[in-house]
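Have a look at the structure below before the remarks.
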């Protein structure tokens with residue numbers, strides 16, 4: 001099946017953070033693709049990826065980057081698709097704040113949805129929620145997932161109060 005969500009990251013070092021999103025997609029059978037696309041080292045590839053994403057059938061792009069974190073914003077500037085930025089606390093990071101602010105502080109006209117530092121699972125869920133506006137199967141999967149979250153909390157309370 002054709003990928004519906006693109007997961008891109010600036011470096012292989014970002015993969016360990018992005019693994020949670022990829023695992024979520026795999027567990028829910030959500031077609032996705034994963035690729036290294038560096039804003040600074042492969043700018044031509046980044047622009048081509050962004051410009052061709054819609055014609056390839058992608059509906060949402062998740063872009064993760066650490067440090068200066070230009071990838072999500074630059075991709076958003078070149079595609080009509082929604083872009084979700086995942087700021088990553090990298091080895092050259094200022095405790096992650098540089099990544100957060102680089103992704104969050106976009107100029108008017110170039111929005112990037114931004115999740116918390118290293119929160120690739122939330123990016124995956126948000127991407128599915130965007131697609132769910134026009135896909136009842138994805139909407140049903142998300143409803144079931146949220147019910148499972150409620151059950152986890154109920155189980156925690158049962159364990160907490162067990163004597």
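Since every read-out is calculated from the coordinates, none of them should be taken as a lab result. Keep in mind it's a predicted model, so treat the numbers as computed, not measured. Ideal geometry is used to build each Cβ from the backbone, glycine not excepted, and the neighbour counts take in all protein chains shown.
At 222 nm, what helix-only mean residue ellipticity would the chain give, in deg cm²/dmol to the nearest 500, using -39500 (n - 2.57) for each DSSP H run of four or more?
-14500 deg cm²/dmol
Hey, what did the chain get for relative contact order, percent, Cα under 8 Å, at least 6 apart?
So the answer I get is 21 percent.
Could you rank the peptides 156-162, 92-98 by their average count of other C-beta atoms within 10 Å per residue, with the highest value first?
Details: 156-162: 8.1, 92-98: 13.9.
Ranking the peptides 156-162, 92-98 by packing returns 92-98, 156-162.
Once you sort the root eigenvalues of the Cα gyration tensor of region 119-163 as a ≥ b ≥ c, which label holds: rounded (a/c under 1.5), prolate (a/b larger than b/c) or oblate (the other case)?
In terms of gyration-tensor shape, oblate.
If one takes the longest principal axis of the Cα atoms in the chain, at what angle in degrees, from 0 to 90 and to the nearest 10, does the Cα axis of helix 43-52 lie?
Helix 43-52 sits at roughly 60 degrees to that axis.
Can you sort 41, 4 so the residue with the fewest Cβ neighbours within 10 Å comes first?
Final ranking by Cβ density, sparse to dense: 41, 4.
For the chain, find the longest principal axis of its Cα atoms and tell me its angle to the long axis of helix 15-27, 0 to 90°, nearest 10.
It is inclined by approximately 60 degrees.
Assuming a ≥ b ≥ c are the square roots of the Cα gyration tensor eigenvalues, decide whether region 5-135 counts as rounded (a/c under 1.5), prolate (otherwise, with a/b larger than b/c) or oblate.
Rounded, since a/c falls under 1.5.
As I understand it, the value is the acute angle between the Cα axis of helix 136-160 and the longest principal axis of the Cα atoms of the chain; what does it come to in degrees, rounded to 10?
Approximately 50 degrees, to the nearest 10.
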